[in-house]
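In what follows, a structure is listed as structure tokens, so that the remarks can point back to it.
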Amino acid sequence: MSDVLSPGEIKLPDGRSVDFANLDIAATAPCLRSVADVVADLLPYYGSVHRGAGALSQRCTREYELARETVADTLGHGPADTVIFTRNTTDAFNLLARAVPPGTTVVTFGAEHHANLLPWRDAVRLPAPRSPEEAVEALERQLYRGKGQTLVSVTAAGNVTGEVWPVARLAEVAHRFGARIAVDAAQLAPHAAASLSGLGADYVAFSGHKLYAPFGAGVLAGRADWLEAAEPYLAGGGASAHVSDDAAVRWASGPARHEAGTPNLLGAVALATALRTLRERSFEEPEAALVRRLRAGLAALAHTEELRLFPADAQRVGIVSFAVLDRDPAAFADALGRDHGIGVRTGLFCAHPLTRRLLAEAAARKGADRAPAQAIRASIGIGTTVEHVDRLLAALR
Ligand code: PLP
């Protein structure tokens, strides 16, 4: 039995029934069976969190706070850290951007997902590096020149290329210069949850729906001081400790300060369950073998070229994006879905500047006159089979 829930077989126009090949897992992952079971077991007891005195509320409050502890344990956090449940990674970075003290210099790279690009309007944006070493050197040069309080905000694994960034080394550099570092682990966490505690980051953000826990929760975890000092991200009940008759407010401290409104209990419990499952059972090796198979197959085709920022042998999670040089990418992806039962993603993947640049480079490597306007991304994770990868390659052929 598969570890994730799937729709099973679907019918193709030619009458064949095939197992749907979900190769769009990097966008949103299917639900882990362990997550669905835990959520189903909790549903009969579903009640308010932090708001009631009855047995249901007590149980739900306990489950919610246990979920927070699981996230903190997974990240290896100590007493100076906090875990805030958000809606997703985008929400987490917007919250952090509001909490950064005025006057802080934010440093990012020009290879970030929009979630870690657009909240930092005034950031120092270092050019997208061509190797992990170049990223470390560029940051070192920047921090050597820089002055004052600094936050570095980087991805742990890119959503366009799947390449893994040298976060531990970047954290070491940041800390050597007295800076803090925030890490976008949206794409790393689903593939390497067990390594989240080794990142050395001050802040980590990720999304439940990419972690096989599609119940609408995400996480911003890290050092509590800036978050404690900041105005609440959302104003409302739960975030307020006391409100006077004229609506003057004393805000709550702790995670509640940034979790106004009714908490997403099922989202938090699902996310924590997924983290536990992914910590206990590693899926990394089978995923890596499927990525190697897909990349080798793509490399053998005349009309496709993979996108990459780092050298070809750089470490990757289960993501491979490529240019198709002689077809309209959107029509091509539609045909993959309709005629072959394969789900992929097309577009610029919420990383427009980077994807446009990598498409142009891929087209140039193939000697094409013009770069396609969109790329295709195939992403691999729990539930992906050798047959799915081979079916994509056959369809591309
Ligand atoms: N960061 C990366 C690397 C991503 O791949 C994504 C989503 O694709 C995000 C951030 C944003 O995640 P969400 O849409 O869950 O907020």
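When only Cα pairs under 8 Å and 6 or more residues apart are kept, what is the percent relative contact order across region 145-259?
Details: 173 pairs, mean separation 19.5, N = 115.
With pairs under 8 Å counted, the relative contact order is 17 percent.
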Query raised in the report: What is the P(r) of the chain, as percent of Cα-Cα pairs per 20 Å bin from 0?
Result: 27, 54, 18, 1
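Return the inverse of the average 1/r over all pairs of distinct C-alpha atoms in region 165-270, which is the Kirkwood hydrodynamic radius, in Å to one decimal. Can you show the working numbers first?
On the way: mean 1/r = 0.0640 Å⁻¹.
Answer for region 165-270: a Kirkwood hydrodynamic radius of 15.6 Å.
Quick one: of the DSSP bridges fully inside region 33-280, what percent are antiparallel, nearest 5? Each step should come with its number before you reach the end.
On the way: 15 of 29 bridges.
The antiparallel proportion sits near 50 percent.
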Query raised in the report: Which residue, 337, 148, 47, tops the fluctuation ranking in a GNM of the chain built on C-alpha contacts under 10 Å?
Result: 148
**Report entry** Label point at residue 315 placed 7 Å out along Cα→Cβ; residues across region 377-397 whose backbone nitrogen lies under 14 Å
**Finding:** none
Report task. Would you mind telling me the share, in percent, of accessible area of the chain contributed by carbon and sulfur at probe 1.4 angstrom? Result -> 52
Report task. For region 314-323, just list the computed ³J(HN,Hα) in residue order, Karplus coefficients 6.51, -1.76 and 1.60, θ = phi - 60°, integers in Hz, with x standing in for Gly and Pro. Result -> 5, 5, 9, 8, x, 10, 9, 9, 8, 9
Query raised in the report: HN-Hα J couplings of region 234-249 from phi, Karplus 6.51/-1.76/1.60, θ = phi - 60°, integer Hz, Gly and Pro as x?
Result: 10, 8, x, x, x, 8, 10, 7, 8, 10, 7, 4, 9, 6, 6, 10
**Report entry** Angle in degrees between helix 352-365 and the longest Cα principal axis of the chain, rounded to the nearest 10
**Finding:** 20
Requested in this report: Note down the accessible area of residue 325, probe 1.4 Å, to the nearest 10 Å².
Outcome: 50
Query raised in the report: How far is helix 329-340 tilted off the main Cα axis of the chain, in degrees rounded to 10, range 0 to 90?
Result: 80
Report summary line: For residue 106, the residues 5 or more places away or on another chain with a placed amide H closer than 5 Å to its own amide H are 124, 151
Report summary line: Between the Cα axis of helix 33-42 and the main Cα principal axis of the chain, the angle (0 to 90°, nearest 10) is 30
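Please report the relative contact order for the chain, taking Cα pairs under 8 Å with a sequence separation of at least 6, and give it as a percent rounded to a whole number. Write out the running numbers ahead of the final one.
Numbers: 801 pairs, mean separation 87.4, N = 397.
Once divided by the residue count of the chain, the mean separation gives 22 percent.
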Query - Residues of type lysines that residue 11 reaches as a straight line, Cα spacing below 30 Å, ignoring anything fewer than 8 places off in the same chain - result: 210
Query - Long-range amide H partners of residue 251 with built H, under 5 Å - result: 241
Report task. Give the Kirkwood hydrodynamic radius (Å, one decimal) of region 64-186, defined as one over the mean of 1/r across all pairs of different Cα atoms. Result -> 15.1
Query - Residue of 298, 43, 96 that the Gaussian network model of the chain assigns the largest fluctuation, springs spanning Cα pairs under 10 Å - result: 43
Report summary line: In whole µm²/s, the translational diffusion coefficient that Stokes-Einstein assigns to region 1-124, given a Kirkwood hydrodynamic radius over C-alpha pairs, 20 °C and 1.002 mPa s, equals 113
**Report entry** Mean Cα-pair separation over length for region 277-346, i.e. relative contact order, pairs under 8 Å, 6 or more apart, %
**Finding:** 24
**Report entry** 5 angstrom amide H check on residue 234, placed H, neighbours 5+ away
**Finding:** 260
Query raised in the report: What are the aspartates and glutamates whose alpha-carbon lies under 12 Å from the alpha-carbon of residue 366, with same-chain residues fewer than 8 places away excluded?
Result: 305, 306, 326
Report summary line: In debye to the nearest 20, the charge dipole size for the chain, taken about the Cα centre with +1 at each Lys and Arg Cβ and -1 at each Asp and Glu Cβ, equals 560
Query - Mean residue ellipticity (222 nm) of the chain, computed from DSSP H runs ≥ 4 via -39,500 (n - 2.57), nearest 500 - result: -11500 deg cm²/dmol
Requested in this report: Tabulate in residue order the Karplus-calculated ³J(HN,Hα) for region 372-380, using 6.51 cos²θ - 1.76 cosθ + 1.60 with θ = phi - 60°, rounded to whole Hz; enter x for Gly and Pro.
Outcome: x, 7, 9, 9, 10, 10, 10, 10, 10
Query raised in the report: In nm, to one decimal, how far is the modelled label at residue 197 from the one at residue 303, with both set 7 Å along Cα→Cβ?
Result: 5.0
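Roll a 1.4 Å probe over the protein chains and send me the accessible area per residue for the chain in Å². Don't skip to the end; give the middle numbers.
Details: 16870 Å² over 397 residues.
Computed with neighbouring chains in place, this is 42 Å² per residue.
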Query raised in the report: Once the mean 1/r over all distinct Cα pairs of region 287-397 is inverted, what Kirkwood radius in angstroms do you read off?
Result: 14.1
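The values are calculated or read from the model by the stated rules, or taken from the named source; none is laboratory data. Bear in mind the structure is a predicted one, so any value in this text is a computation, not a measurement. Note that we place each Cβ from the backbone using ideal geometry, even for glycine, and neighbour counts take in every protein chain shown. Ligands, DNA and RNA are excluded from the accessible area calculation, which covers all protein heavy atoms including side chains. Shrake-Rupley method; radii C 1.70, N 1.55, O 1.52, S 1.80 Å.
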